[in-house]
Amino acid sequence: RQRDHQEEAPRRIPDPRRAALILLNGVLVEQRTLAELTGRTGPLTRMEPGDRARAQRLATETLRYLGPIDALLRPHIAHTPPDAVMNVLRIATYELCIGEAAHGVVNSAVTQVAAMPRHNRAKGMANAVLRRIAEAPADLTGLPVSPLPEWLREPLVMAWGDEAIAACETAHARGAPLDLTLRDPAQAEALTEALQATPLPTGSLRIAANVQVSALPGFAEGQWWVQDAAAAVPVQMLAPQKSEKILDLCAAPGGKTMQLTAAGARVTALDLSRARIERVTENLRRTGLEARTVTADAFDFTETGWDAILLDAPCSATGTIRRHPDLPYANDGGAISGLIELQARMIDHALGLLKPGGRLVFCTCSLIPDEGEVQVEEALSRHPGLSVDASATDRPGLSPDWRT
């Protein structure tokens, strides 16, 4: 299957629909993430920005509504077609359901299938199926949402209960808003008005509409950066003080580094990836903030005496599916045990770098307790001198019910 997909990938610069097919095949057939596929060496690099954005949007939203889309297609397909053909049908069905012109959508899809040397005989089936979908396109938001795959759903239901995970799945289907963190909180009122944003109790500003980020007021001046509201909370818990020596481990893309620096701390941002550290540097430059950047393996970094360390550890990222609907399909859970072991080692290493009385915030964007609460419990058992500062969670917007 993978060879078939690679042979059928167009060599010229693809149009958005063909590019979306490459992305969807990459996620569903090759189990690669959209972040990998849209990186600097991915198949979209030579596309115009507008076409690239459309291709990403088509792929992302098709994955978000994959369950409802497949439910719409199922009655019209006698035998499941090859992956590449099925993915053409999925993207076209999404387009039909959001009101795109049926003639153009169907013709484009049939043309794509006809261009597949191994599967071009399926073009008649594709034409017939999509014309039936076009006769009565459904409202995808009104259909049952996509369930999480069993490898993830089963352990999450065991941890949190079926009702909570069903609510998560509903949230995933709604997508994520755009949250901004301000360089200077004193500008909150003015920027709320200029950006037509909603202020959140945690201090972030939220924009619900689809917007071009670089065109928003304050972007060029570096007055804010994009950062999910939840991702901004760990630095608030760390409560950085002016002139404190603080290490941001696994720092890229730099949102937390900028928060720490904006608070007046002396920050070192460390990441394993040179390309990701370059992104941190670019973000610091745009916002007019300064921090020391280091490209290194965290375990090779042995500088001690830190007042505080922020460890945003590598994890399954299962808490980011709302923004990244490809993750459940690009993973199978096989790497999670290795990530859990890595997180424990990183906690132990970070504690060894702190000065006596220093503070560590360990955070992940995972829904799996073994990557969060359980890591803290086990770290407490390994380090007798370690204690939890529960008062760090006494912050606006954080419910006491969330504290374990």
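Points to keep in mind about this one:
- Among the residues listed as Ala230, Ala215, Ala136, the single one being over 30 Å from Ala109 (Cβ atoms), without any contact (Cβ under 8 Å) to a residue 60 or more places away in the chain and of a type in the set (A, V, I, L, M): Ala215
- Among residues of the range 305-318 being surrounded by fewer than 21 Cβ atoms within 10 Å (Cβ to Cβ) and not in a strand (DSSP E or B), the one that is nearest to the chain's Cα centre (by Cα) is Ala317.
- Subset tally (residues that are part of a helix (DSSP H, G or I), of a type in the set (A, V, I, L, M) and either open to solvent by 40 Å² or more (accessible area, probe 1.4 Å) or in contact with a Lys or Arg (Cβ under 7 Å, 6 or more places away or on another chain) (or both)) for the range 75-101: 1
- Scanning the range 164-173 for any residue that is of a type in the set (Ser, Thr, Tyr), closer than 30 Å to Leu89 by Cβ and surrounded by fewer than 16 Cβ atoms within 10 Å (Cβ to Cβ) turns up at least one such residue.
- Number of residues in the range 327-360 that are under 21 Å from the mean Cα position of the chain (by Cα) and not small (Gly, Ala, Ser): the value is 10.
- Selection within the range 284-310 - under 12 Å from Ala251 (Cα atoms) and in contact with a Pro (Cβ under 9 Å, 6 or more places away or on another chain): Leu310
- Qualifying residue in the range 178-185 (condition: at pLDDT 95 or above, out of contact with any Leu (no Cβ under 8 Å at 6 or more places or on another chain), of a type in the set (D, E, K, R) and open to solvent by 50 Å² or more (accessible area, probe 1.4 Å)): yes
- If the condition is being charged (D, E, K, R) and in a loop (DSSP other than H, G, I, E, B), then the range 325-359 contributes Asp326, Asp332.
- Every pair of residues 6+ apart whose Cβ atoms lie under 8 Å, when the first sits in the range 86-104 and is closer than 11 Å to Leu73 by Cα while the second is acidic (Asp, Glu): Arg90/Asp70; Tyr94/Glu61
- Residues in the range 180-197 that are within 22 Å of the chain's Cα centre (by Cα) and free of Cβ contacts under 8 Å to residues at least 60 places away in the same chain were compared, and the one that is farthest from Glu290 (Cα to Cα) is Ala197.
- Pairs with Cβ under 6 Å, 6+ apart, first in the range 250-275 and open to solvent by less than 30 Å² (accessible area, probe 1.4 Å), second of a type in the set (Ser, Thr, Tyr) and in a helix (DSSP H, G or I): Ala251/Thr257; Met258/Thr287; Val267/Thr257; Val267/Thr261; Ala269/Thr257
- So Glu163, is it within 30 Å of Ile336 (Cα to Cα), modelled with pLDDT under 95 and out of contact with any Leu (no Cβ under 8 Å at 6 or more places or on another chain): no
- Test for Ala114: is it surrounded by fewer than 23 Cβ atoms within 10 Å (Cβ to Cβ), at pLDDT below 95 and more than 29 Å from the chain's Cα centre (by Cα): no
- Condition met for Thr295 (within 23 Å of the chain's Cα centre (by Cα) and of a type in the set (Ser, Thr, Tyr)): yes
The values are calculated or read from the model by the stated rules, or taken from the named source; none is laboratory data. All of these numbers come straight from a predicted model, not from anything done at the bench. As a convention, Cβ positions derive from the backbone with ideal geometry for all residues, glycine included, and neighbour counts pool all protein chains shown. Heads up: the accessible areas ignore ligands, DNA and RNA and are worked out on the full protein's heavy atoms, side chains in. Shrake-Rupley method; radii C 1.70, N 1.55, O 1.52, S 1.80 Å.
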